[in-house]
Amino acid sequence: MTADDFRALALELPEATENAHMGHPDFRVGGKIFATIWPDDEWGMVKLTPDQQAEFMRAKPAVFQPVKGGWGRRGCTQVRLRLAAAATVWPALMAAWRNTAPKRLSKTFEKEESE
């Protein structure tokens, strides 16, 4: 996966927008960041819960690892893009989006998915 692939997946989520944070792209819903691309284009980041992070790391340890420091302990998770496939990253992006999206939007998206 490339940074552009990660970007395209993130922007498929409802009301997702691209902005910039500290000189690199980020993806937001409801004005809050749910994912970023690091300046080197080698890594993405998704904002998971610690439990979600543990699940993704257990399933694909070469792809997912915690961000260093306190952010990582809170669930922020690096995605090694060159080792990742869209089918692996999509559920992580969806989880990060759901964790961040306003409740009304998240509920609407869940309803649409089940139909």
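The values are calculated or read from the model by the stated rules, or taken from the named source; none is laboratory data. Because the structure is a prediction, the values reported are computed rather than measured. With ideal geometry, Cβ positions are generated from the backbone for all residues, glycine too; neighbour counts draw on all protein chains shown. For accessibility, only protein heavy atoms count, side chains too; no ligands or nucleic acids. Shrake-Rupley method; radii C 1.70, N 1.55, O 1.52, S 1.80 Å.
Taking the simple approach of a point 7 Å from Cα along Cα-to-Cβ for both K107 and D51, what is their distance in nm? Each label point is offset 7 Å from its Cα along the Cβ direction, giving 2.1 nm. Taking the C-alpha atoms only, the angle from helix 50-59 to the longest principal axis of the chain is near 60 degrees. Comparing mean-square fluctuations of D51, D26, D41 from a GNM of the chain with C-alpha springs under 10 Å, the top value falls on D51.
Rounded to the nearest whole Hz, the Karplus-based 3J(HN,Hα) values (6.51 cos²θ - 1.76 cosθ + 1.60, θ = phi - 60°) of segment 69-86 follow the sequence x, x, 4, x, 5, 8, x, 5, 10, 6, 10, 6, 4, 5, 9, 9, 10, 4, with x at glycine and proline. Which of these, A62, A96, A54, has the largest mean-square fluctuation under a Gaussian network model of the chain (Cα springs below 10 Å)? Residue with maximal mean-square fluctuation among A62, A96, A54: A62. Only the Cβ atoms of Lys and Arg (+1) and of Asp and Glu (-1) were treated as charged; on that basis the dipole of the chain about its Cα centre amounts to roughly 560 debye. Relative to the longest principal axis of the C-alpha atoms of the chain, give the angle of the C-alpha long axis of helix 3-12, reported between 0 and 90° and rounded to the nearest 10°. Orientation of helix 3-12: about 20 degrees from the principal axis. Normalised per residue, the accessible area of the chain is 56 Å², obtained with a 1.4 Å probe and no contribution from ligands, DNA or RNA. Both radii come from the Cα set of segment 30-115: Rg as radius of gyration, Rh as Kirkwood radius; their ratio Rg/Rh reads 0.98.
Excluding same-chain neighbours fewer than eight residues apart, no lysines are reachable from K60 by a Cα-Cα span under 16 Å. Here's how it looks for E42: its modeled amide H is under 5 Å from none belonging to a residue 5 or more places away or on a different chain. Within the listed set G70, G31, G44, the Gaussian network model of the chain (springs between alpha-carbon atoms below 10 Å) gives the highest mean-square fluctuation for G70. Taken along its three principal axes, the alpha carbon spread of segment 68-108 comes to 33, 28, 8 Å, from the longest extent down to the shortest.
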